[in-house]
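Asker: Below are the structure tokens for one structure; questions will follow.
What follows draws every value from the coordinates through simple rules; no lab data is involved. These numbers were taken from a predicted model, which means no experiment stands behind them. In this analysis, Cβ positions are derived from the backbone assuming ideal geometry, glycine residues included, and neighbour counts consider all displayed protein chains.
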């Protein structure tokens with residue numbers, strides 16, 4: 001109750017002082033507004049003919065005279081077009097005409113008329129420093145009076161409240177400091193036996209502490225459970241991501257790399273080959289008469305042939321070679337660090353292994369098949385080769401094998417050599433015919 005009365009008293013004193021200052025400020029501002037309006041009308045009327053006559057000198061003299069007083073700190077005249085005809089006082093201005101160097105101004109604007117026609121505008125800035133000075137004086141007086149009253153009140157409060165409030169609060173703080181564990185839980189109850197507000201506060205605090213301790217235990221249990229679930233979910237997501245990654249680069253039937261991943265591998269390896277001068281080769285393998293197998297025995301049998309073909313390829317390739325299913329009955333092999341001689345040896349080994357291995361022993365004596373293989377090497381180019389050009393070359397070599405008897409291996413350079421020999425033979429026959 002005592003605190004309430006003291007608070008009301010202090011509030012009343014503060015409000016009374018504030019209202020008195022506000023009334024004094026309003027009275028002074030009203031006086032300035034009346035005086036500014038009167039002076040502005042008088043000066044605007046006096047300057048009318050000087051503005052019309054473009055008498056800059058007279059205008060400037062009058063403005064300087066105005067700003068020489070303590071009351072007016074800024075003056076400015078513009079014509080009807082907005083051009084400045086005279087200015088005195090603070091030189092720096094912002095977009096609102098108010099001088100930026102003096103924020104303690106009250107601006108007045110008056111139109112300059114002749115025969116009811118506006119020929120210019122007068123701006124006057126009245127200083128509010130004397131208002132501020134008077135208000136500061138009154139404020140200082142009020143503050144001294146209130147400080148004395150507050151000092152007396154504070155002294156009385158300190159003596160009265162130090163026993164009523166401070167001592168119980170210190171006990172509570174000291175108890176909390178000594179009885180809160182590392183997890184923020186209160187390990188024992190606050191020992192308060194009084195029946196006043198602090199006794200009731202301690203009782204309520206003890207009840208709330210018990211509830212918070214129970215809630216904290218449940219929360220920790222839920223957090224631990226959530227952490228375990230999150231960890232399991234993250235592990236599942238990692239497994240799923242890895243599965244999705246494998247699926248995105250794998251042919252679902254054979255388990256080999258698919259065409260998209262083959263293109264990525266070929267791009268990377270060809271770039272390395274061009275940069276470091278390595279010799280990489282590509283094999284393009286196509287099963288001969290595969291459509292006839294599907295038409296005769298069905299697509300299920302064709303799928304078995306493709307799977308068995310995959311097994312043969314994997315068994316007869318180096319561990320550094322990458323084999324992919326391009327699509328349908330076509331397979332591609334990326335032979336790293338393999339020049340023409342090495343690549344042709346690998347291709348011939350694959351051709352023989354496929355030719356001599358039964359695909360399905362239960363059908364027609366084993367259902368034997370053959371393949372046509374094209375080979376292209378990055379090293380035979382004198383300049384850097386692109387993956388697109390290298391694949392075009394190996395595709396050309398593979399189709400040459402199919403168009404020239406199948407069950408054979410062709411390197412792209414063999415086609416170039418055949419073309420050169422064919423031209424030389426034609427030239428030789430032509431010379432013999434002339435002879």
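Asker: So for each of 254-261, 314-321 I average, over its residues, the number of other beta carbons within 10 Å; can you give me the resulting order with the highest mean first?
Answerer: Order by mean packing, descending: 254-261, 314-321.
Asker: Counting pairs of alpha carbon atoms under 8 Å apart in space and at least six apart in sequence, what relative contact order in percent does the stretch 221-349 give?
Answerer: Computed over the stretch 221-349, the figure is 30 percent.
Asker: Residue 399 to residue 242: FRET efficiency via 1/(1 + (r/R0)^6), r the Cβ-Cβ distance, R0 35 Å, to the nearest 0.05?
Answerer: Step by step, r from the Cβ atoms, then E = 0.40.
Asker: Here's another thing I want to ask about it. Treat each spin label as a single point 7 Å out from the Cα along the C-beta direction, and report the residue 253 to residue 46 distance in nm.
Answerer: Inter-label distance under the simple model: 10.7 nm.
Asker: Another question, then. By per-residue mean of other Cβ atoms within 10 Å, what is the highest-first order of 292-300, 351-359?
Answerer: Packing order, densest peptide first, comes out as 351-359, 292-300.
Asker: Fewest first, what order do 410, 396 take by the number of other Cβ atoms within 10 Å?
Answerer: Fewest-to-most Cβ neighbours within 10 Å comes out as 396, 410.
Asker: Here's something else I'd like to know. In the stretch 259-434, what % of DSSP beta bridges are antiparallel (nearest 5)?
Answerer: Given both bridge residues lie in the stretch 259-434, the antiparallel proportion sits at roughly 85 percent.
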